[in-house]
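The values are calculated or read from the model by the stated rules, or taken from the named source; none is laboratory data. Note that the coordinates shown come from a computational prediction; the quantities given were computed from them, not determined experimentally. For neighbour counting, all protein chains shown are included, and Cβ atoms are generated from backbone atoms with ideal geometry for every residue, glycine included. Note: accessible area is taken over every heavy atom of the protein model, side chains too, but ligands, DNA and RNA are not part of it. Shrake-Rupley method; radii C 1.70, N 1.55, O 1.52, S 1.80 Å.
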Amino acid sequence: MEKARTELLIPAQCYDLAATLSSGQAFRWRHVEGSWEGVIGNHWVSLKNVPDAILAQTAVPVADWRWLVDYLQSDVEIESIISSFPLDEPMRASVSRCRGLRLLRQDAWECLASFILSSTKQIVQIQEIVHLLCSRFGTPLETPPGRERVNSFPSAERIAAATEADLRGCKMGFRAPYLLRSARMIAAREVDLEAIGRFELGKAREELLRLPGVGNKIANCVLLFAYGFQGAFPVDVWVMKALRQLYFPKRRPNPERLLRFTSTYFGANAGYAQQYLFHYMRVHGGKIRR
């Protein structure tokens, strides 16, 4: 058995932590003194890019680090994925400006709850709501001396036992009853999040759509960021803007036409392509250099 330790060097070529952790996939990461600090499961984690690797640190010694490698998806052959993208100018520009961006593989419940809370909110506002939720309902975790105290993400069972008023105290507004009812359905096993990962894409999406507050966009975010379904293509205002500006600049296709386009045009790694377009449009404005 490998010896437990609090530091690990994870091999990872072409991995941009800043792009990945700030690209609207997960909402518990902060940039602190040159590193990214966050919480994964029951671990406080610090991550830092170093040449051809990621330096990871935890507050508590760890013997098996596979949970972190899986979360970061650091062993994915990113160049193979990028080579599957359409050979068009918008995708080339997105890859050029966002190279090193990866898709995370998150806990399904945390991902689902976070995106239920994301409706009509900007990333910084989602981060605040998630922080309040964890502070009030999560379990305290060990952190290194001098670091801010953190809590785990509360389980569905913990949220199911709360009241709507409790949740509204976390600034989630009209999203509170959606989160509460979804948590209660999951706690009662009316929807089995673990089983969803074994379904084919269409059935998995249908199962998530049974949950209050979950539409196609949220369902596709969870399918992509928690389960790794590459056929899931979340379309929010940024992606819609990217598609219209970069692919249909002289036309105004309706949402149905755009959905047909995304389901066929971007290939086997459409979900990855979506994230590059999303981050490129949000951070760089989608400007094409000629």
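In square angstrom, what is the accessible area per residue of the chain with a 1.4 angstrom probe?
Roughly 48 Å² per residue, with all protein chains present.
With the dipole of the range 1-114 worked out from charges on the C-beta (+1 for Lys and Arg, -1 for Asp and Glu) around the Cα centre, which of Val32, Gln106, Thr20 lies farthest toward the positive end?
Val32
What part of the accessible area of the chain, given as a whole %, is carbon or sulfur when the probe is 1.4 angstrom?
C and S atoms contribute 50 percent here.
Sort 224-232, 49-57, 67-75 by packing, meaning the average of other beta carbons within 10 Å per residue, with the highest value first.
224-232, 67-75, 49-57
If the viscosity is 1.567 mPa s and the temperature 4 °C, what translational diffusion coefficient in µm²/s does Stokes-Einstein give for the range 192-241 when Rh comes from Kirkwood over Cα pairs?
119
Please identify the trypsin sites (Lys or Arg not before Pro) of the range 192-233 that satisfy two criteria: DSSP loop assignment and at most 11 other Cβ atoms within 10 Å. Which are they?
Arg198
If you place +1 on the Cβ of every Lys and Arg and -1 on the Cβ of every Asp and Glu, how big does the dipole about the Cα centre of the range 138-290 come out, in debye to the nearest 20?
1120
Return the Rg/Rh value of the range 97-151, two decimal places, where both radii are evaluated on C-alpha atoms and Rh is the Kirkwood radius.
Using only Cα positions, Rg/Rh for the range 97-151 is 1.04.
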